[in-house]
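Every read-out reported here was derived from the displayed coordinates using simple, explicitly stated rules and does not represent laboratory data. Note that the structure is a prediction, hence the values are computed from the model and not measured. When we count neighbours, we look across all protein chains shown, and the Cβ atoms used for this are built from the backbone with ideal geometry, even at glycine.
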Amino acid sequence: MSETGENTGENTVAKHVKGPRPKHVANRICIACRESAGKRALIRIVRTPSGIEVDTSGKKAGRGAYLHPQGSCWHAALESRRIEQALRVRLSAPDRQMLQDFAATLPDRTPDAVPVDNGTADVSQE
């Protein structure tokens, strides 16, 4: 403060300028590989009164479970009955076939799951 009692800004604590808060990203766990990912990066399966449905919007009412959009997670979940455990229902033959058909349309790996070259690969040239 100056002699007149005015605040000149010297030796004052800078005020934190508040900006917009970062958007919250909801995380979910893939029931097959147990890895956490953003809700939008996973595909939701939902149990409805009419049966099992693939919920691409993630907003349908009902008990849901999440899987990565890769065939390996879907096949593992179907073979080990993890979908039935997560949805607390027995899959009917048509529901199981519908999920298997959907899984067949998915790639085995996601593009961001490409292995990283850490410099240990053999790069000899002939």
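Kindly state, to the nearest 0.05, the FRET efficiency for residue 40 paired with residue 108, given R0 = 25 Å and r defined as their beta-carbon distance.
Values: r = 21 Å, r/R0 = 0.84.
Efficiency, rounded to the nearest 0.05: 0.75.
What's the magnitude of the charge dipole for region 27-107 around its Cα centre, counting Lys and Arg as +1 and Asp and Glu as -1 at the beta-carbon? Answer in Debye, nearest 20. Mind dumping the intermediate values first?
Working: 14 positive and 7 negative charges, 78 e Å.
So the dipole magnitude of region 27-107 works out to roughly 380 debye.
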**Request:** Taking each pair of different alpha-carbon atoms in region 35-92 once, compute 1/r for the pair, average those values, and report the inverse of that mean as the Kirkwood hydrodynamic radius in Å to one decimal.
**Result:** 11.6 Å
**Request:** Read phi for every residue in region 65-74 and hand back ³J(HN,Hα) as whole Hz from Karplus 6.51 cos²θ - 1.76 cosθ + 1.60, θ = phi - 60°, with x for Gly and Pro.
**Result:** 9, 10, 9, 5, x, 9, x, 4, 5, 5
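On a full-extension model of 0.36 nm per residue, what is the gain between residue 18 and residue 85, subtracting their alpha-carbon distance, rounded to one decimal in nm? Walk me through the numbers before you get to the answer.
Details: separation 67, 0.36 × 67 = 24.12 nm, distance 4.50 nm.
Computed gain between residue 18 and residue 85 is 19.6 nm.
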